[in-house]
Amino acid sequence: MLKTTEIDDKLTLTEREFEQISEMVYNHCGINLHDGKKELVRSRLAKILRQRQFHSFSHYMDYVASDSSGQAFSELIDSLSTNLTSFFREAIHFEYLATVYLPELIAQRKDANQLRLRGWSAGCSSGEEPYSIAITLLEALHDRSRWDVKLLASDISTRILHRAREGVYEHERIAPVSAALKNRYLIQRKHRDQKRYEVAPALRQLIVFKYVNLMEEWPFRGPFDFIFCRNVMIYFDKPTQQRLINRFCQVLAPGGILFTGHSESLTGIRHNFRYVQPTIYKKG
Ligand SMILES: C[S@@+](CC[C@H](N)C(=O)[O-])C[C@H]1O[C@@H](n2cnc3c(N)ncnc32)[C@H](O)[C@@H]1O
């Protein structure tokens, strides 16, 4: 009898099928699956084919196309998107937020008697990014109860959003969080002899998790004081990045900040942002 991995290896993805999948994925969510990704697509989708007992990619594609609920397509996108993330990933962004941007913004808002802050984690994956932002916000706001603070955390993957909402992490995942912050914002839980950490209610209260496909119409207009869109645009081609950057600019408040991933500079993109430091851009 063949092992499941051997069955997966036997499933061939033809050039034509790969093109169809790439086109569907690109049109739906902007992810650019170039030729080098063919084996990755084959092996990730092979798992779904096996679970759902399809013997060829073309049968599977017919099933995806005919499923009017959209669930099959959502499962396809889930399996192809990369969700790598971590707490306080790219620490310079959190340092900038904590030591430069938030102190200035908080002082300005106090002067204007407008105690309101809005942020967006666009492509939030399993939640480590928005929870890290929420920790940074709470550390900066000494009189939290007087403030109206909200953080939108969105992703295209419903599976990963579910994990983000749960907010429960294994011991290794919270390694980047300092001991002091762990004490304040993470609650230790035992789960079948394993240590797990659950985010504190104070963090949850700040965040609204929402399915948002960045390629589609957004169900909000902002303005946001800052947007984190990190390690998402890397999967998009230049025209898609260009459109997205323009749209981020539109929903940012004047002086608002856009944080991008370490390999996502705005070089080659026309924009109205002022460069602050690598991967940090200010509107206007
Ligand atoms: C590599 S993770 C980045 C997570 C986090 N921002 C970070 O830097 O640690 C990329 C995330 O972008 C999401 N994504 C990809 N295409 C998207 C789209 N069109 N709309 C919304 N989210 C998308 C994926 O589902 C994935 O969770």
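No value in this document is a laboratory result; all are computed from the given coordinates. Every value quoted in this text rests on a predicted model; they were computed, and no experiment measured them. Ideal geometry is used to build each Cβ from the backbone, glycine not excepted, and the neighbour counts take in all protein chains shown.
For this structure, a couple of remarks:
- Taking Cα atoms only, the orientation of helix 15-29 departs from the longest principal axis of the chain by about 20 degrees.
- Across the range 127-136, coupling constants 3J(HN,Hα) worked out from phi with the 6.51/-1.76/1.60 Karplus curve, θ = phi - 60°, read x, 4, 5, x, 5, 5, 5, 4, 4, 4 Hz, and Gly and Pro carry x.
- Placing a label point 7 Å from the Cα of T14 along the Cα-to-Cβ direction, the residues of the range 38-74 with a backbone N closer than 11 Å are 57-59.
- Against the main long axis of the alpha-carbon atoms of the chain, helix 38-51 sits at an angle near 80°.
- Assuming charge only on the beta carbon of Lys and Arg (+1) and of Asp and Glu (-1), the dipole of the range 131-280 about its Cα centre is about 260 debye to the nearest 20.
- Trypsin sites (Lys or Arg not before Pro) lying in DSSP loop within the range 25-83, provided at most 14 other Cβ fall within 10 Å: R52
- Take every Cα pair under 8 Å whose residues are at least 6 apart in sequence, average their separation, divide by the length of the chain, and the relative contact order is 16 percent.
- Among F259, Y197, F273 - extreme Cα towards positive end, dipole of the range 197-284, charges at beta-carbon: F273
- Rounded to the nearest 10 degrees, the inclination of helix 71-80 to the longest alpha-carbon principal axis of the chain is 80 degrees.
- The value of relative contact order for the range 11-80, using C-alpha pairs under 8 Å at least six residues apart, is 34 percent.
- Selection from W147, A72, P176, by position along the positive dipole direction of the range 63-206 (Cβ): W147
- For a label point 7 Å along the Cα-to-beta-carbon line of D78, residues of the range 147-188 with backbone N under 18 Å: 154-168
- For a label point 7 Å along the Cα-to-beta-carbon line of E39, residues of the range 12-26 with backbone N under 14 Å: 13
- Listed peptides 156-163, 120-127, 143-150 by packing density, highest first (mean Cβ within 10 Å): 120-127, 156-163, 143-150
- Sequence-ordered 3J(HN,Hα) estimates for the range 252-265 from the Karplus curve with 6.51, -1.76 and 1.60 and θ = phi - 60° stand at 8, 6, x, x, x, 10, 10, 9, 10, x, 4, 10, 10, 7 Hz, glycine and proline given as x.
- Oblate is the label for the range 234-284. Its Cα gyration tensor axes, ordered a ≥ b ≥ c, give a/c of at least 1.5 and b/c at or above a/b.
- The longest stretch of the chain left intact once loop-based GluC sites (Glu not before Pro) with at most 11 other Cβ atoms within 10 Å are removed from consideration, loops following DSSP, is 1-215.
- Using 0.36 nm per residue and subtracting the Cα-Cα separation, the extra length available between K210 and H271 on full extension is 19.3 nm.
- Amide proton proximity set for F209, modelled H, under 5 Å, gap of 5+: A153
- Magnitude of the charge dipole for the range 101-168, about its Cα centre and with charges confined to Cβ atoms of Lys, Arg (+1) and Asp, Glu (-1), is about 240 debye.
- Alpha carbon centroid spacing (whole Å) that separates the range 69-145 from the range 177-199: 20 Å
- Backbone phi angles across the range 59-64, fed through the Karplus curve with coefficients 6.51, -1.76 and 1.60 (θ = phi - 60°), yield HN-Hα couplings of 5, 4, 4, 4, 4, 4 Hz in residue order; Gly and Pro are listed as x.
- Each other residue within a Cβ distance under 10 Å of E15 adds +1 if Lys or Arg and -1 if Asp or Glu, for a net charge of -1.
- Set K150/K210; K110/K182; K110/K283; K10/K47 screened for pairs whose C-alpha atoms are more than 23 Å apart: K110/K182
- Less than 5 angstrom separates the built amide H of C124 from those of S154, D155, all sequence-distant by 5 or more or on a different chain.
- Cβ-Cβ FRET estimate between E104 and S69, R0 fixed at 45 Å, reported to 0.05: 0.45
- Point-charge dipole on Cβ atoms (K/R +1, D/E -1) for the chain, about Cα centre, debye to 20: 860 debye
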